[in-house]
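Computed from the coordinates by the stated procedures, all read-outs in this text should not be read as laboratory data. Source: prediction; values computed, not measured. No Cβ is skipped: glycine too gets one built from the backbone with ideal geometry, and neighbour counts run over all protein chains shown.
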Amino acid sequence: MAEGGVGTCPQVFVVDSQANYVSVHSGKKPRWARVGQRFLLLMVGLALFGLVVEGCFIYSLYKKTQEFSLCKSHPLCQNMSNSQTSGQQGGTIMSQVGSKESNEIPTVRPHLEQVQQRPFAQLIGSNNPKGLDNVVQWEHKNGETITYNMGYENGRLLVEKDGYYYLYSKVTLDVAEECLLIQHMVMKDTTAYDESIELMQSKSIRCRTQKTLTAKASGGEDLWNSFLAGIFHLRSGDKIFVTLNKIDKIRTGPAENLMGAFMIFPDNIQQ
């Protein structure tokens, strides 16, 4: 009994050993979870960046392939590429044949066939070079002469295929006797015009010179030669010939006079 006569009730604590404890999660995530989330976001970002870069490379390759296909269809571009890569193609052919043991090369064969079919001709001086209207006559059957996919008639080369041709002509004259005005010309006859067309000309005045020891040794000759060459577009049916106004002064011989032509670029190229 306490002082003052007032009774104090004792405090009673009851402990329930069967009660369930509920853990309350804090709002803050563990550190390892935050690091993993950041790493996952980083990997996703890198994957997206890789896809963008790969798309750029694919688009660039597509543009280059498209440009190459357009250039390949253009004849002028083909001619330039063929002239630059002819040596490389030869090495590629040998490597392909050695590795695959096959003679089939479909990508190169059309180009080789096109080169083999290009016309060319070379004529040499004749023992009877004087023709009508001062047209020089040539030897076209014997000696170092050849005509391939081209014809010959009365001193004229006959063109059979359209294209760009390299033409050349050389003549040698003996001008020891008097002063001469010499005109050496390469001409063309075509069905589009009624008159002959002058392609190249060499004009020179040659006079008699004093006889030197060399001239005496050669029988008093004073030799003069003229050479003409150029590239021209020719069509099937055209005729190419050489005229010389002083044709009676020409020095005969196969090595003294020449005329030739060969195609360097056809009009149409088969793909």
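Going by how many other Cβ atoms sit within 10 Å of their own, how do SER126, SER226 line up, fewest first?
Placing the least packed residue first, the sequence is SER226, SER126.
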If each of ILE231 and ASN268 carries a label point 7 Å out from its Cα toward its Cβ, how far apart are those two points in nm? 2.3
Under unit Cβ charges (Lys, Arg +1; Asp, Glu -1), what dipole magnitude, rounded to 20 debye, does the range 119-266 have relative to its Cα centre? 360
Cα centroid separation, the range 50-67 to the range 135-185 (Å): 56
Compare the peptides 54-60, 198-204, 166-172, 250-256 by average per-residue count of other Cβ atoms within 10 angstrom and give them in order, highest first. 166-172, 250-256, 198-204, 54-60
